[in-house]
Protein chains: 4
Amino acid sequence: MKKETRLTFASDYMEGAHPLILRRLAETNAEKTAGYGLDEYSESAREKIRAACRTPEAAVFFLAGGTQTNAVMIDAFLRPWQGVIAAQSGHISVHEAGAIEFGSHKVLTLPHRAGKLTAEAIRKCMEAYLQDANHDHTVMPGMVYLSQPTEYGTLYSLKELEAISAVCRDADMRLYVDGARLAYALATTENDVSLPDLARLCDAFYIGGTKLGALCGEALVIPNPALDRDFRYIQKQHGARTAKGRLVGVQFAELLRDGLYAEIAHREDRLAAKLSAGLEALGYALLAPTQTNQVFPILPDADAAAIADRYTGGFWQREDETHSVVRFCISWATPEEAVDGLLEALREVRG
Amino acid sequence: MKKETRLTFASDYMEGAHPLILRRLAETNAEKTAGYGLDEYSESAREKIRAACRTPEAAVFFLAGGTQTNAVMIDAFLRPWQGVIAAQSGHISVHEAGAIEFGSHKVLTLPHRAGKLTAEAIRKCMEAYLQDANHDHTVMPGMVYLSQPTEYGTLYSLKELEAISAVCRDADMRLYVDGARLAYALATTENDVSLPDLARLCDAFYIGGTKLGALCGEALVIPNPALDRDFRYIQKQHGARTAKGRLVGVQFAELLRDGLYAEIAHREDRLAAKLSAGLEALGYALLAPTQTNQVFPILPDADAAAIADRYTGGFWQREDETHSVVRFCISWATPEEAVDGLLEALREVRG
Amino acid sequence: MKKETRLTFASDYMEGAHPLILRRLAETNAEKTAGYGLDEYSESAREKIRAACRTPEAAVFFLAGGTQTNAVMIDAFLRPWQGVIAAQSGHISVHEAGAIEFGSHKVLTLPHRAGKLTAEAIRKCMEAYLQDANHDHTVMPGMVYLSQPTEYGTLYSLKELEAISAVCRDADMRLYVDGARLAYALATTENDVSLPDLARLCDAFYIGGTKLGALCGEALVIPNPALDRDFRYIQKQHGARTAKGRLVGVQFAELLRDGLYAEIAHREDRLAAKLSAGLEALGYALLAPTQTNQVFPILPDADAAAIADRYTGGFWQREDETHSVVRFCISWATPEEAVDGLLEALREVRG
Amino acid sequence: MKKETRLTFASDYMEGAHPLILRRLAETNAEKTAGYGLDEYSESAREKIRAACRTPEAAVFFLAGGTQTNAVMIDAFLRPWQGVIAAQSGHISVHEAGAIEFGSHKVLTLPHRAGKLTAEAIRKCMEAYLQDANHDHTVMPGMVYLSQPTEYGTLYSLKELEAISAVCRDADMRLYVDGARLAYALATTENDVSLPDLARLCDAFYIGGTKLGALCGEALVIPNPALDRDFRYIQKQHGARTAKGRLVGVQFAELLRDGLYAEIAHREDRLAAKLSAGLEALGYALLAPTQTNQVFPILPDADAAAIADRYTGGFWQREDETHSVVRFCISWATPEEAVDGLLEALREVRG
């Protein structure tokens, strides 16, 4: 266990908090507040989120991390025998160690394209369930789980999201969007889905903090208060209410105060676009188009090895005998020079 | 939701972090570290804990909060059909909203005295199970849950803990100690149970951070590494692994670096003793003897009302028509003048 | 493992099925029917139950056994974080090996008198929950579980049941009655609670078959069809739908065809009353008044030992150093001579 | 809901019990026996099973149905965060309504051929898990689930099963075989896997009764008693212990007494082979080769419609716009004339 000295792009949660967040925590540190999210900072953050989503009635909850948020949310909306439809690449399908099944729910996986599901595939899945004369022997789809951006950094367009939302409402299924990196979606020019759109089209979604520059914390939004009868109970049963609730509240209040949230994401998206364009210019193919702060080039293993003492990314998947997909993430702390340096190093390798 | 302007003793987690902890978070903020507790700060904190417990082989895990820690720990040691013996006043019995049952375990409650169980009562409970010819129709006790200090602020003596440990080992039950406020036990002169004693007598225990001056975080210790085959898996399944694991790691490394942990607790225990003695001098009876940072006087409702615009505690339970038990907690941020002021205010009321 | 040659009163499920039931199974054996309870015999039994309860709209489900029925029912009505209020002596509290906790529910136990709860105690329990400012840290009572007759063979009167039902409806809690031995309640002259009363006052109850003379099977009734949205799904998730659903359906159709159900129970209640009166005449005290088919005398251990080669009951609990409570159950197969013989044997012992 | 008058081949559990089983239930009906499987009939059946498997030490349990048996077994062997590998067509993958997830386990599905998995695919799945540096974020494969015969009626050869068993032992995974229709496998000449082979190669398997001619009941075998520490506890927690345990015990004792088990299966396999050959002679293709008592022809919808007033099968899946796969099952009660009649009717349709 030694210190990381290389410039690593392995993930976007390797540093602490954005300095403004840390400063705000220090400024408010000595004040006494109520526990469990009943403090004024949490309430202020909730108000800012309601305003940004244009849903003055929305229920907003703060949680410590993404897996926890997904597991509690799915349990809050579904009965134990209902399942949740997700892409085979969805975080809940592959990277949550059974957290959804811990709440008794099957994850009903569908094939994806660059991490995305289609309204048509969801509709057919529900149709197959309903047409099965013995469907009480199978798991009832009760919810659709999407991520925006997806695990591949790609985006649902407004049109795609509207189509999925319509299918869900027709079929009386809940629609839930995992926004661990939502800021990166909101900040990019390619995106046409706003927070009010999410609030209008989804039954719940979360605005991620951990991967954006908070020490920890995610903000879950349930736009329609009629759907929030149960969340706080299941949140406590999951051990997912923080005693010093202000810790997450203060951070979100700061992120949303003067546009810090958009500012961080905008810069990171821009650097990712620069890196992506540079990699393509060097002749590297991408696993998926770069739309947010993650870039997925297919690199020859030799090239990756040649720069490994100075620059690293995160292994994503093996492509063939001599190539791998590597994930490069930009975080709030990644300097532009690091991007330039990485491209320069690869340029030398390509010779 | 307005700011708290009164001097409130309602709990010990109403302020942020101890200033030294916050400073350390700032100092280390820009460094890149691995996620999920694999960073060097978490490892350093683990080493300090192993040293303090004199268990170089112990497994140590960091979690965000107490209910979460209890639920994950109990799930890690027990099979789903096994239950956990606890006092009727135990945190897992009454204040965790079904978190233990969420893992399928029954909490097998026993009567308590000032929050404490006896070795004899535990032995009889296990004996009754074994003597029942149909015991496979009942829940098998697989673990004993204690808290040190208890929910009443009281302490198990070394002798009591040794007796309970012996009963557990005879009966092949695990012994687990909830140390949400463990520092307050360790720092008081009345205590004769050290960290190495806990490590020797228990199968697991946690050292609390949240109620001691951390922003969040608890450190779970499993002294015998042979008993730690499963924790990290169930921790992830519970959504209880923090992406920026350094957040808790840095805090515990700081708490344990130069004795800050003991220093905070020692001061708070001393103030609680001062408050307790002052209340008794004023003629108030106590629900339980004051041994750590919590004081439980039985106050006439009139007295509490008379000072309520300046000083408040936390309602604990109704005693009779005109009296209630109130909990006064001392935190790292409680100034000695607040204790003096509270006593003075009550002295005026008593006239 | 040798054959039982003594006359044992240990339980009421030691023989196979009442001969008329067995005959009916043979008569219908060769017919082809749909599986999973969709057959005409199950439907016929459902119709008979609806008629007897005067609830033409009721949902009726057949299950294989009592623990299974309780666990599925409680899961169907409650959300995972809700608990169920029961007597400390309730079957779900002590004899189901954690089956209720397997569905994540806490059993909230209250003291009992001869197995019975009072409306007042239930009301206070709910009131305490609601008055607790932090009640989202505790388990929400969502249902009340009673048994009629109770585990002590005692009966709720109509007045008592009406009071409990009113408390439940005021507090928006479901009321569920475990009727493992319901026939014995219905058949006794002391009883004033009819099936239509149960259907009017409860949200669900089951009519037991196993302990009445069926090979297996219980009939769960949900009088208000608006409350039955979910049962069949959770029933399958629990593995509690029988492929050859006719097995239970045929048996209940027969039990309810010409009053066999009442006839069996009436005879057994009468024999229990005879046994009870005889025991009291011999000077034995009873743990609880005999109201149905179970008798609970407090016997000197010497007396029990003296007849043990000819007559046995079931050990219930130790009373003191030299006495135990023994349970004598009457089943459909207990001949009247066995009751006479048991009394005669004890008379000789008493000398 | 009207009586079935057509000759239906929809499933093999549409009639009651084989007459010899029913006779034996009647013969033993009046005897008193201990409950919950502790009776002498259950013990006798267990002994017969141990003898047939040549595992004198095996633990044997009786349960009421297949989904229940699978769910309890998987819970008994796995920790909650471990998953079970199964074919995408496996019963636990698609037809148990979330029963496995109810125990918190993910079903890790792999592609199949005619319902079968390969040792190689299982090995690769485990290898991928172990090679993933972050595998504690994914579900640990802890068990492999097969069915013999499969849901398509096909068989694993001894060589295939040995290869799978070797992979499981190398990887410290349990191997479990669902034998809902095991008799049909054992009785066919194509099969080379005996009960002693299953006992040698698997950690658990069950011998199905419901689909073979019992009223209900499955016999679970755990050949190595060291692996049976927990089953009876989790069985009760699932509500899966039958009070009148003799009901299943008597049936299995009879099935195994004089070879009735093999005799029933042998006849049904033969009729299925006759039906299969006849269908192929008429030019119908099969979805999978006929190896046991189920036949899966791909029928033009017009042909099925033409005979639907006299003969029906069970819809399996749609093949194309004008064809469907239909399942024809042979049961203990299917007369040979029904097979002849079905073929004759189709011959007329084919003209």
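The values are calculated or read from the model by the stated rules, or taken from the named source; none is laboratory data. Because the structure is a prediction, the values reported are computed rather than measured. Cβ placement follows ideal geometry from the backbone for every residue including glycine, while neighbour counts extend to all protein chains displayed.
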Are there any pairs, at least 6 apart or on different chains, whose C-beta atoms fall under 7 Å, with the first in the stretch B:329-340 and closer than 16 Å to B:HIS18 by Cβ and the second of a type in the set (A, V, I, L, M) and surrounded by fewer than 14 Cβ atoms within 10 Å (Cβ to Cβ), and if so, which? B:ALA333/A:ALA30
Condition check: part of a helix (DSSP H, G or I), more than 8 Å from chain D (Cβ to nearest Cβ) and more than 26 Å from A:ASN134 (Cβ to Cβ). Does C:ILE74 satisfy that? no
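Conditions tested, residue by residue: (1) in contact with a Leu (Cβ under 6 Å, 6 or more places away or on another chain); (2) farther than 25 Å from B:ALA166 by Cα; (3) of a type in the set (A, V, I, L, M, F, W, C).
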| residue | (1), (2), (3) |
| --- | --- |
| B:VAL193 | yes, no, yes |
| B:PRO196 | no, no, no |
| B:ARG200 | no, no, no |
| B:GLU218 | yes, yes, no |
| B:PHE231 | no, no, yes |
Kindly indicate the residue of the stretch C:92-105 that is touching a helix residue (DSSP H, G or I) at 6+ places or on another chain (Cβ under 8 Å) and closer than 21 Å to C:MET126 by Cα and also surrounded by the fewest Cβ atoms within 10 Å (Cβ to Cβ) among those meeting that condition. C:ILE92
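This table checks each residue for (1) in contact (Cβ under 8 Å) with a residue 60 or more places away in the chain; (2) closer than 19 Å to B:ASP136 by Cα; (3) among the charged types (D, E, K, R).
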{"residue": "C:GLU57", "(1), (2), (3)": "yes, no, yes"}
{"residue": "C:GLY90", "(1), (2), (3)": "yes, yes, no"}
{"residue": "C:ALA99", "(1), (2), (3)": "no, yes, no"}
{"residue": "C:ILE122", "(1), (2), (3)": "no, no, no"}
{"residue": "C:MET126", "(1), (2), (3)": "no, no, no"}
Condition first: without any contact (Cβ under 8 Å) to a residue 40 or more places away in the chain, among the acidic types (Asp, Glu) and within 14 Å of another protein chain (Cβ to nearest Cβ). Now tell me which residues in the stretch C:128-177 satisfy that. C:ASP132, C:ASP136, C:ASP172
Filter the stretch D:26-54 down to the residues that are within 7 Å of another protein chain (Cβ to nearest Cβ) and out of contact with any Lys or Arg (no Cβ under 9 Å at 6 or more places or on another chain), then identify the one that is farthest from C:THR334 (Cα to Cα). D:GLU43
Which of the residues spanning the stretch A:1-15 are touching a residue at least 24 places away in the same chain (Cβ under 8 Å) and more than 7 Å from chain B (Cβ to nearest Cβ)? A:ARG6, A:LEU7, A:PHE9, A:ALA10, A:ASP12
Tell me the residue from A:ARG50, A:ARG6 that is more than 30 Å from B:GLU47 (Cα to Cα) and in contact with a strand residue (DSSP E or B) (Cβ under 7 Å, 6 or more places away or on another chain), please. A:ARG50
Can you say whether D:ALA281 is out of contact with any His (no Cβ under 6 Å at 6 or more places or on another chain), in contact (Cβ under 8 Å) with a residue 60 or more places away in the chain and among the hydrophobic types (A, V, I, L, M, F, W, C), as far as the supplied structure shows? no
How many of the residues in the stretch C:211-230 are part of a loop (DSSP other than H, G, I, E, B) and closer than 17 Å to C:ALA262 by Cβ? 4
I'd like to check something: does the stretch B:238-247 contain any residue that is charged (D, E, K, R), more than 23 Å from A:ASN29 (Cα to Cα) and in a loop (DSSP other than H, G, I, E, B)? yes
Out of contact with any strand residue (DSSP E or B) (no Cβ under 6 Å at 6 or more places or on another chain), in a loop (DSSP other than H, G, I, E, B), more than 13 Å from every other protein chain (Cβ to nearest Cβ) and at pLDDT 95 or above: is that true of C:GLU57 in this structure? yes
Taking the stretch A:325-351 and keeping residues modelled with pLDDT of 95 or more and either charged (D, E, K, R) or closer than 15 Å to A:TYR152 by Cα (or both) leaves A:VAL325, A:VAL326, A:ARG327, A:PHE328, A:CYS329, A:ILE330, A:GLU336, A:GLU337, A:ASP340, A:GLU344, A:ARG347, A:GLU348
Could you list, in sequence order, the residues of the stretch A:285-313 that are in contact (Cβ under 8 Å) with a residue 60 or more places away in the chain and buried (at least 17 other Cβ atoms within 10 Å of the Cβ)? A:LEU287, A:ALA288, A:THR290, A:GLN291, A:THR292, A:ASN293, A:GLN294, A:VAL295, A:PHE296, A:TYR311, A:THR312, A:GLY313
All but one of (1) under 21 Å from D:GLU101 (Cβ atoms); (2) more than 13 Å from chain B (Cβ to nearest Cβ); (3) modelled with pLDDT of 95 or more hold for A:GLY98, so report the exception by its number. (2)
Evaluate the following for B:LEU108: is it surrounded by fewer than 24 Cβ atoms within 10 Å (Cβ to Cβ) and modelled with pLDDT of 95 or more? yes
For A:HIS18, which of the numbered conditions (1) crowded, with 24+ Cβ neighbours inside 10 Å; (2) at the interface with another protein chain (Cβ under 7 Å from one of its Cβ atoms) fails to hold? (2)
Can you tell which of B:ALA114, B:ALA128 is surrounded by fewer than 22 Cβ atoms within 10 Å (Cβ to Cβ) and more than 29 Å from B:GLN317 (Cα to Cα)? B:ALA128
Which numbered condition D:ALA64 misses (of (1) facing another protein chain (nearest Cβ under 10 Å); (2) in contact with a His (Cβ under 8 Å, 6 or more places away or on another chain); (3) touching a residue at least 12 places away in the same chain (Cβ under 8 Å); (4) crowded, with 24+ Cβ neighbours inside 10 Å): (2)
Among (1) polar (S, T, N, Q); (2) part of a loop (DSSP other than H, G, I, E, B); (3) within 17 Å of C:TYR176 (Cβ to Cβ), where does C:THR69 come up short? (2)
Every residue in the stretch D:225-271 that is more than 14 Å from chain C (Cβ to nearest Cβ), among the aliphatic types (A, V, I, L, M), over 13 Å from D:GLY213 (Cα atoms) and in contact (Cβ under 8 Å) with a residue 60 or more places away in the chain, please. D:LEU227, D:LEU271
